[in-house]
Amino acid sequence: MTRQSEEMMRRVAFGTGLVLGVGLAMGFHLQAWSWFALLCVVTLVLLIWFAIWVRRKHPLRRLLYQLGLIVGSVAIGTAVSVLGIVLSSLLERVPPAEFIPVPEISSPVRRYVALGDSYSAGEGVRPYTHETGKPGNERRKGCHRSEKSYAMLLQFATPLEQPRQFRACSGARIGNVLDFPQPKAGSYTPQVDNEVRGDRVDLITLTLGGNDLRFADILEFCFLNGNCLDDTFDPGERGPDETQTPRAAPLRKWIRTALPVVMKRLHTLLHELRYETHRHARIVVIGYPQLLPTGKASSRLISCSVVLQRYDADERDALAELSEDVNEMIYETAVANEVEYVNPNQFWYGRSACGSLGHLTNALSPRGLSVDPGSFHPNRVGQRVLARTIACYLNQYHTPFQPFPPERPLRIKPLPAPGTWLNPLKC
């Protein structure tokens, strides 16, 4: 065997190992396992061919040397990639989830029920509970209830009398709480059934309204269209469980027309929860975290570079304004029905997807050849921050927050919501 051939073999072996090592680290970081599986298959085929070729022409010790070189290069590639991921996380200035404390809720709670949509279910934060995230499920089906969602992270100083009821489901609309099941998501009853009705429920948390307002469709529409605010947005056909939002219209106009329609339906739901199904429970609605950054935004991650190329500053400002308007109207709707509300954005400013201070929300998350439905949802750290927000609110307000204080009975607008800059939580 010539020296030139040996050099070529070493380069092939070392390069193959490095590619596999980098793929392993990045596949784990991005959870892009289908890409990683494809990479493994291709590399395995190349290794088999390489081993057969070497074994036919050269002694066994040369084969072992080449395989050892590959294993070593895999370790080097993995180590370098992991170091890059760690340094990137440090630069983003968001601490690991384990470093964010979630206080125990000091008020006694006998039964806790978590309702709502994907933000409460924990979409995008694997692993999912067995019955809602089986590997065989289609990617965009299943309730995708995460074991790391805020509903599962809340801790109580007084032990619950019964296991927490985790009913939140990805894709849930307002109608799915009391009236309609979600069979496509594996749910065959509304979220509130006879098991979670009644006066023995002490605490209910929920996020709701985003799917009725087509948050996901709007984000996709703006990603695909360069001037989305003035382009015609068509919500498509609507089923019986969906809020009957307006037909096709320029996106800016469609949003302004759809908001009061959705809030009217939310008003009906909260009224039923407050005065019919759960008259004695503390019902806490959580606002939506900011979706995209305004002003300066981080572009250190690849996914953020893609986001910032597709959403210009005007579109990001408009979507941020939409998020604020939705939260404000949800708060006013909750107040009108004597339901509590907490806004998480005290902790989210600068930390939305691609925010300048880090990321509590996923940006575009690749999963194989498609986009993960967990894109633009709170990540693992974000879910822990949501749990901390709720716990801090309940510990600060042992009785419901009073938006109209007795000393100002003629106040027309409610006080700023807890969790905003004007009324921050002491946490």
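Values quoted throughout were computed directly from the atomic coordinates according to the rules given, and no laboratory measurement underlies them. Treat the numbers as computed from the prediction; the structure is a model and nothing was measured. Because the Cβ atoms are built from the backbone with ideal geometry, glycine has one as well, and the counts that use them run over all protein chains shown.
Summary table
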item	result
Computed FRET value (nearest 0.05) for ASP199 with ASP317, which takes r as the C-beta separation and R₀ as 56 Å	0.80
Fewest-first sequence of LYS413, LYS148 by Cβ atoms within 10 Å of each Cβ	LYS413, LYS148
Förster radius 22 Å - calculated FRET efficiency between ALA336 and GLU220 (Cβ-Cβ, nearest 0.05)	0.10
Theoretical FRET efficiency, 1/(1+(r/R0)^6), r = Cβ-Cβ of ASP231 and ARG110, R0 51 Å, to 0.05	0.50
Distance from the range 171-192 to the range 335-355 (C-alpha centre basis), Å	24
LYS413 versus HIS280: modelled label distance in nm, points set 7 Å from Cα along the beta carbon direction	3.8
Protection-proxy order for peptides 187-194, 122-129, 344-351, each taking the mean of Cβ atoms within 10 Å per residue, highest first	122-129, 344-351, 187-194
Distance (nanometres) between label positions extended 7 Å along Cα→Cβ at THR158 and THR257	5.0
Gain in span if fully extended, LEU422 to ARG238, counting 0.36 nm per residue against the direct Cα distance	62.4 nm
For ILE105, residues with placed amide H under 5 Å, excluding near neighbours	GLN155, PHE156, ALA157
